[in-house]
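Down below is the structure, laid out as structure tokens.
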Amino acid sequence: MRLARHIVSDVEHLRHVVKEISRHDHFAWDIETIGEYATTPIRNDVAWIAFSAPGVDAVIPMRHPIGNKIIGERKEPRTDKNGKVRNFRVPVWDEPPPQLRPSIVFEETYELFESDREKVAQNLTFDAISIAKHRGGSLPKPPFHDTLVSSWLLDENRLNGLKPRVREEFGSDYDQGKTGKHIATTLFNDVARYNLLDTRFTRWLRNRNLKGLEDQRLFPVFRLEMDVLEVLLSMGMEGAPLDVPALHSLKDHLEKLIEQQEADVYRSAGKAFNLNAPRQVAEVLYSPKAKGGQGIKPTKLTAGGKKKKQAGERVTFLDYTTDADALEKAAGNPVVDALLAFKESSKLLSTYVYGYLGDATAKDRPCQIHSGKIHTNFKQYGTVTGRFSSSEPNLQNIPRPGTDLGKRIRGLFIAPPGYKLIVADYSQIELRILAHFAGPGALHQGFLDGIDPHTITAAGILNLPHDQVTGEQRTDYGKRINFLIGYGGGEHLLAEVAKIPLTEAQNIIGQHEASFPEIYAYKKKLLSVARSRNPPHIRTLTGRIRRVPDVISPTKWIRQKAERQIINSHIQGSAADIIKIAMVRTHSLLPEGAKLILTVHDELVTLVPDTLIEEARVAIHEGMLGEGIKNLISVPLESDTKVVDRWSEAK
DNA sequence: CTGTCCTGCGCT
DNA sequence: AAAGCGCAGGACAG
Ligand SMILES: Cc1cn([C@H]2C[C@H](O)[C@@H](COP(=O)(O)OP(=O)(O)OP(=O)(O)O)O2)c(=O)[nH]c1=O
Ligand SMILES: [Mg+2]
Ligand SMILES: [Mg+2]
């Protein structure tokens, strides 16, 4: 490859390239980003952009900081993590060649991204949101092909990053040096080559994946996913508004609280130790009183401890778990009680408060708040079942409002003045899907009759009348137990979770089998279908595939685990299908000004101007439950919808 | 210094 | 040995 002629550094060349690309009905693009916020699409600086179409490969540098050779060395004082100032030797490079200004590049390429050509990228949301900044906030227009998503649909179990995919499909290993991780300090021509190859291989991969989608009859799901991608773009641009002053007060509150709780533990234990270090905690709790410990009898091994035992090694009390469950069994011991209190607040402070505010002294802990909003990364390819995952930060594990601290954290997510949050969550979603798949029987009939199985289960276990089951009891003794049993949980775990004797747990599982034979028949059939295919797999409601080769493993425990995964994936994956369809429908039905901002597996959070509440409510209802979605399953779909100022108020 | 594993825990 | 996630801190390897 003659690299130089693909590098675009003047406007005439750029215009020529745009014209060449325009002759095709699709093109791939890829960007390289730099700066403190290189991996934050709403904030990063786009330093390079490259395009690829059949017969066209062009790479356009815009703000690469360095040239092609090292010309010296410089000492730079930096503070290390212990706060000490040290001198680091850093290379000095020559100046980069002349580069086009981003404003010109995005002006000249503007129409390409507006056109009806298919726009191809690997992890398209990142590249699209990153360039929207330079396009006056305008996102590229569909149609799209995200090769990360198509690769994932074709095989959810493998690494679907560009490098491993290219290695697999084309046998090329073009970046052993991990250029992508440090663009700003990589030589100009090396970045150019890297950016060009990424883009070209993305286009090639698109062509490969199109064939695969066809072969595996995955086009309908792929089209759904590309519609979902548009919604994710909008959500990524919008972000979730945060009550920043309240976050700072909460920080002060938690820091004071934790200081006290820490002191409480040390006082009761008679010594100081690292409360975040499980082995140190185990030492204090489980070593005999004579040796200065608490002499508590350890109950359950850690995963590592179990392995040791299997391997025939000796286990000590350092191999026993110090998790909250184990500690609760020793409740009453002052060290344990103080430790439990500490664990709750320290988890919340480090994950949700420091996590959002970041640490100015550590560049791997950036502040996650931008103009009062948090923009999570919803990964469309983030699970093997079809659900999204959420990261940087994860907004799908915000504490429930059941405790004071949980309420204060969930309450940080707000509607600004003049707006409301509409929070809509499907009712018993996966149980309804199970009823659909299992067909006629008690569960199916129950849903037709309007029952709430979570409340019924909780009432049964707690021996309470239905109308006396609290929301928390419904979750802890209803939901958890229904899904535990439904997804193949054993009697010991059931006894543990439900806090009932083993015999009662055995009874409950036996009764379940007797009351819902159709569920067990469905599972059996599903597994035999899965096993009959090569490789073993199932398809969800929309035809999404989950491949579980382990279901034919000769090893019993591996095979049985795979069986549970198949059953769970069929149902969880179908629930994911439903929420994805609902997102696409809702997005297009919402009035201008109302925006979907979050999704939590079976929940949609929408930010709505006060004036549009009723319109938006109707749109969300229609999106989640209307014709065309409710027909997907044979039991009614229901949702629970709340209009609130703070997320914590929806419960 | 960076990267990886383990333990533990937040959520659906 | 219900399923599916991501993140923090400690411990350790390089
Ligand atoms: C809480 C929980 C949920 N899930 C799955 C199944 C649920 O249907 C799905 C959504 O979770 P939830 O919305 O918490 O539960 P739900 O929809 O069954 O009940 P509700 O009427 O209160 O909304 O996530 C589990 O697999 N295990 C669990 O412990
Ligand atoms: Mg629900
Ligand atoms: Mg939910």
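The values are calculated or read from the model by the stated rules, or taken from the named source; none is laboratory data. Since this is a predicted model, take the numbers as computed values, not measurements. FYI the Cβ positions are ideal-geometry reconstructions off the backbone, even for glycines, and counts take in every protein chain you see.
When you go through A:ARG617, A:ARG646 one by one, which is the residue that is more than 16 Å from DNA strand C (Cβ to nearest atom), of a type in the set (D, E, K, R), surrounded by fewer than 23 Cβ atoms within 10 Å (Cβ to Cβ) and closer than 27 Å to A:VAL244 by Cβ?
A:ARG646
For the stretch A:587-619, give me each residue that is within 19 Å of A:ILE414 (Cα to Cα) and either among the β-branched types (Val, Ile, Thr) or within 16 Å of DNA strand B (Cβ to nearest atom) (or both).
A:ILE597, A:LEU598, A:THR599, A:VAL600, A:GLU603, A:LEU604, A:VAL605, A:THR606, A:VAL608, A:THR611, A:ILE613, listed by residue number.
Could you say whether any residue in the stretch A:106-115 is farther than 24 Å from A:GLU230 by Cα and of a type in the set (A, V, I, L, M, F, W, C)?
Within the stretch A:106-115, the subset farther than 24 Å from A:GLU230 by Cα is none.
No: the stretch A:106-115 contains no residue that is farther than 24 Å from A:GLU230 by Cα and of a type in the set (A, V, I, L, M, F, W, C).
Out of (1) within 26 Å of A:GLU255 (Cα to Cα); (2) of a type in the set (D, E, K, R); (3) within 14 Å of DNA strand C (Cβ to nearest atom), what's the single condition that is false for A:LYS306?
All conditions pass for A:LYS306, except number (1).
As an exercise: evaluate A:LYS595 against (1) in contact with a helix residue (DSSP H, G or I) (Cβ under 6 Å, 6 or more places away or on another chain); (2) away from DNA strand C (no atom under 16 Å from the Cβ); (3) under 28 Å from A:GLY450 (Cβ atoms) and give the number of the one condition it does not meet.
Answer for A:LYS595: the failing condition is (3).
Answer with yes or no whether A:ILE456 is over 24 Å from A:PRO399 (Cα atoms) and either of a type in the set (S, T, N, Q) or more than 13 Å from DNA strand B (Cβ to nearest atom) (or both).
Yes: the conditions hold for A:ILE456.
Looking only at the stretch A:419-442, how many residues end up being in a helix (DSSP H, G or I) and either under 18 Å from A:GLU638 (Cα atoms) or at pLDDT below 95 (or both)?
9
Can you work out which of the residues in the stretch A:547-562 that are under 24 Å from the mean Cα position of the chain (by Cα) and either closer than 17 Å to A:TYR426 by Cβ or surrounded by fewer than 23 Cβ atoms within 10 Å (Cβ to Cβ) (or both) is farthest from DNA strand C (Cβ to nearest atom)?
The residue in question is A:ARG547.
Taking the condition at pLDDT below 95 and either within 13 Å of ligand 1 (Cβ to nearest atom) or among the hydrophobic types (A, V, I, L, M, F, W, C) (or both), does A:ALA362 pass? Reasoning before the result, please.
On the way: at pLDDT below 95: yes; either within 13 Å of ligand 1 (Cβ to nearest atom) or among the hydrophobic types (A, V, I, L, M, F, W, C) (or both): yes.
Yes, satisfied.
Kindly indicate which of A:GLY439, A:GLY471, A:GLY490 is under 18 Å from A:ASP602 (Cα atoms) and surrounded by fewer than 17 Cβ atoms within 10 Å (Cβ to Cβ).
A:GLY471
Sort out which residues of the stretch A:512-548 are in contact (Cβ under 8 Å) with a residue 24 or more places away in the chain and either part of a helix (DSSP H, G or I) or at positive phi (or both), and write them in order of number.
Of everything in the stretch A:512-548, those that are in contact (Cβ under 8 Å) with a residue 24 or more places away in the chain and either part of a helix (DSSP H, G or I) or at positive phi (or both) turn out to be A:HIS512, A:SER515, A:PRO517, A:GLU518, A:ILE519, A:ALA521, A:TYR522, A:LYS523, A:LEU526, A:LEU527, A:ALA530, A:GLY543.
Say we look at the stretch A:201-217 and pick out the residues that are touching a strand residue (DSSP E or B) at 6+ places or on another chain (Cβ under 7 Å) and not hydroxyl-bearing (Ser, Thr, Tyr); which of these is surrounded by the fewest Cβ atoms within 10 Å (Cβ to Cβ)?
Per the criteria, the residue is A:GLN216.
Please list, ordered by residue number, the helices (runs of 4 or more DSSP H) wholly in the stretch A:235-353 having 1 or more residues that are within 16 Å of ligand 1 (Cβ to nearest atom), surrounded by fewer than 18 Cβ atoms within 10 Å (Cβ to Cβ) and under 29 Å from the mean Cα position of the chain (by Cα).
Here the list reads A:324-329.
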